[in-house]
1. Can you give me the ranges of the strands (runs of 3 or more DSSP E) entirely in the stretch 170-254 with at least 3 residues that are under 35 Å from the mean Cα position of the chain (by Cα) and surrounded by fewer than 17 Cβ atoms within 10 Å (Cβ to Cβ)?
2. Can we say Asn191 is among the polar types (S, T, N, Q) and in contact with a helix residue (DSSP H, G or I) (Cβ under 6 Å, 6 or more places away or on another chain)?
3. From the residues in the stretch 149-165 that are over 20 Å from Pro139 (Cα atoms) and in a strand (DSSP E or B), which one is nearest to the chain's Cα centre (by Cα)?
4. So which residues in the stretch 37-72 are modelled with pLDDT of 75 or more and outside any loop (DSSP other than H, G, I, E, B)?
Amino acid sequence: MSKYYYSKEGASKGPYTLKELLSEDISENTLVWHEDLTNWIRAGDVTELKGLIKKSPPPLPEDYQQKKPSFSSKLIVIFSSFIFIVLLVLFIKKFESNKLDRSNKYEVVKEDSIKEMESLISVDQAIKIAEKKFLKYTPNIESEGKNITYSKTFNGDLNNDGLDEIVIYFVCTPKSGGNMIVGREAAIYLNMGSTVKAITALNPEYPFHIQSIKENRLIVVEEVFDENDSPGFASKGKLHYFVLNGESLQEIVE
């Protein structure tokens with residue numbers, strides 16, 4: 001059975017069965033098409049539609065056609081047009097005034113935004129400030145009989161505010177000597193825009209190292225040792241994910 005399409009207001013409607021098509025608002029002058037036709041044709045010229053669709057009414061006789069408007073009607077039209085033009089001019093003036101006002105406000109906001117952006121420190125500056133603060137704090141760590149023998153700095157957005165936090169991971173060995181690892185920690189520095197602030201530390205009960213900061217998460221690898229592993233060299237690892245909630249580091253479970 002052929003599927004029909006018809007044209008309405010420049011758009012193609014369909015497909016319809018013959019029964020469905022007859023229920024649509026079509027006349028004999030409506031353009032239709034189905035897969036057996038090469039071009040659109042009038043519905044009145046389709047054999048299976050003849051006698052089934054409503055015919056278009058003929059033009060009205062000249063005696064019944066709308067007469068020319070009277071002088072008073074013309075006057076009303078002219079007056080209405082004049083009022084419309086006046087209202088349009090007033091609207092345009094009001095629009096231009098509001099546009100200028102918005103433009104001035106935008107310039108003020110834009111200048112404030114530029115000043116704010118200019119006051120923001122760069123990632124490199126944030127790293128330098130954090131490392132300087134960490135270096136200043138290291139005597140407190142070493143007073144506990146530890147030496148910081150390794151450290152690595154990471155940066156990334158941990159609270160989804162568009163600013164990179166700084167994380168310094170460090171490994172400690174005994175101050176008395178030897179290579180035994182006695183501590184693995186990470187210091188977390190919040191990026192406040194103009195400076196960084198030490199807010200918390202990561203010191204889990206398991207040995208770990210930091211993999212990266214990605215998608216607003218601090219990715220930590222828990223080092224899992226087998227009995228045949230060399231000291232300090234774990235053959236397995238388990239991932240942990242942390243996010244910054246206010247000034248606290250919070251682990252999330254996936």
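The values are calculated or read from the model by the stated rules, or taken from the named source; none is laboratory data. Computed from a predicted model, the values in this text were never measured in an experiment. Every residue, glycine among them, receives a Cβ derived from its backbone with ideal geometry; neighbour counts consider all protein chains shown.
1. Details: elements: 183-191, 196-202, 208-214, 217-224, 236-245, 248-252.
Of the strands (runs of 3 or more DSSP E) lying wholly inside the stretch 170-254, those with at least 3 residues that are under 35 Å from the mean Cα position of the chain (by Cα) and surrounded by fewer than 17 Cβ atoms within 10 Å (Cβ to Cβ) span 196-202, 208-214, 236-245, 248-252.
2. Working: among the polar types (S, T, N, Q): yes; in contact with a helix residue (DSSP H, G or I) (Cβ under 6 Å, 6 or more places away or on another chain): yes.
Yes; evaluated as a whole, the condition is true for this residue.
3. Kept after step one, since they are over 20 Å from Pro139 (Cα atoms), are these residues of the stretch 149-165: 154-165.
Okay, now just the ones that are also in a strand (DSSP E or B), so 154-156, 165.
Details: Phe154: 26, Asn155: 23, Gly156: 19, Glu165: 22 Å.
For the stretch 149-165, the residue satisfying everything is Gly156.
4. First, the residues of the stretch 37-72 that are modelled with pLDDT of 75 or more: 37-53.
Answer for the stretch 37-72, where residues must be modelled with pLDDT of 75 or more and outside any loop (DSSP other than H, G, I, E, B): Ile41, Arg42, Ala43, Gly44, Asp45, Thr47, Glu48, Leu49.
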